[in-house]
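Report on the following structure.
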């Protein structure tokens with residue numbers, strides 16, 4: 001059975017317009033709801049990111065606080081190193097004079113005696129690259145003056161000078177007959193082997 005709509009055309013148009021308006025409003029509301037939901041999600045994510053940033057900032061401040069606390073020890077370490085280098089520099093080329101004097105007393109022949117003794121020291125000279133041993137780095141010299149019973153004693157003294165570790169190139173400057181025997185002036189170079197332990201360390205650091 002067919003239905004006949006007896007409503008006037010104007011009423012029908014208004015009804016269709018209301019339905020269309022309702023659909024448009026409902027769609028707009030849905031879109032707005034989606035926009036609001038998306039906004040809330042982004043706000044939540046932004047809040048999480050901000051919390052992570054704040055946490056990292058707190059961590060960084062804690063690390064910086066520890067670094068500042070340790071800076072004092074780093075300054076102390078640098079100061080100690082500077083003083084150590086200064087001390088090593090002060091002892092560069094140090095020679096044990098007591099050891100040198102003891103060696104001199106042991107090597108003088110019984111048929112001779114000293115009238116003069118001079119010890120000169122200097123900063124270690126650059127080593128000769130062609131030298132066979134590090135002893136060829138000269139750090140000073142010893143000059144001896146004395147009187148021996150004969151020329152054989154002079155030769156014996158030269159041999160003894162060469163036997164001491166670190167004593168190099170013994171020489172005789174003069175040897176002459178005198179009333180009391182043979183007057184002599186002799187000497188020997190000093191190599192780096194005569195340096196003390198801290199004297200060698202300072203030379204190596206320099």
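Below is a table of values for the structure above.
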read-out	value
Those residues of segment 190-200 which are in contact with a strand residue (DSSP E or B) (Cβ under 8 Å, 6 or more places away or on another chain) and surrounded by fewer than 18 Cβ atoms within 10 Å (Cβ to Cβ), in sequence order	196
The lone exception for residue 120 - which of (1) surrounded by 18 or more Cβ atoms within 10 Å (Cβ to Cβ); (2) at pLDDT below 90; (3) assigned to a strand (DSSP E or B); (4) on the phi < 0 side of the Ramachandran plot it fails	(1)
Flag for residue 104 being in contact (Cβ under 8 Å) with a residue 40 or more places away in the chain, outside any strand (DSSP E or B) and surrounded by 10 or more Cβ atoms within 10 Å (Cβ to Cβ)	yes
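The values are calculated or read from the model by the stated rules, or taken from the named source; none is laboratory data. Not measured: the values here are computed from a predicted model. Reconstructed Cβ throughout: ideal geometry from the backbone, glycine too, with neighbour counts over all protein chains shown.
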